[in-house]
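> Quick one: structure below, then a few questions.
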Amino acid sequence: MSTGIVIAIVVIAAIIFGLIVVLTTSRSSEVRGAGALSRETRSRNSKANISDAAPSGRDVEAQAVVRSTAIVKAAPVEVAPWVAPDEEALGVSRRMFFNRATVTLLSVSVGSFGASLVGFLWKGADGGFGSKINAGKVDDVVQLIRQNKGFLYLSEARAWVTEYPKDAIGKGKAVYGGQAPVFSGMQAGIVALYQKCPHLGCRVPECKSSQWFECPCHGSQYNRVGEKKGGPAPRGMDRFGVSVANGVLTIDTGAVFAGPSIGVNTTGQEAEGPHCVGGGEH
């Protein structure tokens, strides 16, 4: 037998012996360890007198059954009166609720926008475009027109103001007689022309050299009183009604009167110099 085998046998035997010692010790501890009563203590307990008054297990169980079977009446509760539900509310489904909510919100939004739009477009009592504009005394307006070489621009009225020749009143009546507010201004020697070109709405400037209005957008041309002379515009420049009271000129921008048809030329005015836009008609 080799030395290694002998050593292994000795080690195994030592381990087995150690396990036996440990098991024996733990067994003794369980029997005589903490909580174990000594022989003297057990002897004294056996000699002690136990009181007969102590309740038995049956007595304790009986008392528990008596306590558990006792019936306790609950306090009376008042019953609330029955109220019939709203039939319309019962018929509202989830989809119907969201549909109504959507329609309500949309209506409020459209109403608010409409009120804002009406408020913006409504003619204010404090003047401005869309109302009657006080242009000042007629004599002063005529003087300003001449100082500006035949043209006067009033930004508040968005209008050009020019002179209408008195010797053309006869021809003017035949063309503009149906537009009484416009013709009354001509009789006072004044024409108020809307600044927008009837073609596509560009703002029409004056041309000092030709003494015409000439639109830089598409080349429409008009004489000094807004009658069409050339270009793609479908008619002459639109105009506002004019009134004179106590020598004061008032331009009513609340209504726009359509310009004269193509070919109307009540003043006979031709270009008085080079054109600012295109060649024009002569």
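The values are calculated or read from the model by the stated rules, or taken from the named source; none is laboratory data. Note that the structure is predicted; figures quoted are calculated from it, not measured. Note that each Cβ is placed from the backbone with ideal geometry, even for glycine, and that neighbours are counted across all protein chains shown.
> Kindly indicate the residue of the range 242-262 that is part of a loop (DSSP other than H, G, I, E, B) and touching a helix residue (DSSP H, G or I) at 6+ places or on another chain (Cβ under 9 Å) and also surrounded by the most Cβ atoms within 10 Å (Cβ to Cβ) among those meeting that condition.
PRO260
> Mind telling me which of the residues VAL242, VAL175 ends up being in contact with a Ser or Thr (Cβ under 8 Å, 6 or more places away or on another chain) and under 25 Å from GLN147 (Cβ atoms)?
VAL242
> Ok, one more. Looking at the range 161-181, is at least one residue at pLDDT 90 or above, closer than 17 Å to ASP238 by Cα and among the acidic types (Asp, Glu)?
Among the residues of the range 161-181, at least one is at pLDDT 90 or above, closer than 17 Å to ASP238 by Cα and among the acidic types (Asp, Glu), which makes the answer yes.
> With the requirement that a residue be free of Cβ contacts under 8 Å to residues at least 24 places away in the same chain and of a type in the set (Gly, Ala, Ser), what does the range 147-173 give you?
Across the range 147-173, the qualifying residues are SER155, GLY170.
> Report yes if GLN187 is within 27 Å of ASP140 (Cα to Cα), surrounded by fewer than 22 Cβ atoms within 10 Å (Cβ to Cβ) and either free of Cβ contacts under 8 Å to residues at least 12 places away in the same chain or touching a helix residue (DSSP H, G or I) at 6+ places or on another chain (Cβ under 7 Å) (or both), otherwise no.
In short, yes.
Per-residue answers, yes or no, for (1) of a type outside the set (A, V, I, L, M, F, W, C); (2) surrounded by 12 or more Cβ atoms within 10 Å (Cβ to Cβ); (3) at pLDDT 75 or above:
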| residue | (1), (2), (3) |
| --- | --- |
| TRP82 | no, no, yes |
| PRO85 | yes, no, no |
| SER93 | yes, no, no |
| ALA101 | no, no, yes |
| TRP122 | no, no, no |
| ALA125 | no, no, no |
| GLY130 | yes, yes, yes |
| GLN143 | yes, yes, yes |
| GLN147 | yes, no, yes |
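> To continue, here is another question. If you scan the range 211-225, which residues turn out to be farther than 27 Å from THR250 by Cβ and in a strand (DSSP E or B)?
Within the range 211-225, GLU214, GLN221 meet the criteria.
> Being in contact with a Ser or Thr (Cβ under 8 Å, 6 or more places away or on another chain) and either within 23 Å of GLU206 (Cα to Cα) or of a type in the set (Asp, Glu) (or both): is that true of TYR153 here?
For TYR153, the condition - in contact with a Ser or Thr (Cβ under 8 Å, 6 or more places away or on another chain) and either within 23 Å of GLU206 (Cα to Cα) or of a type in the set (Asp, Glu) (or both) - is not met.
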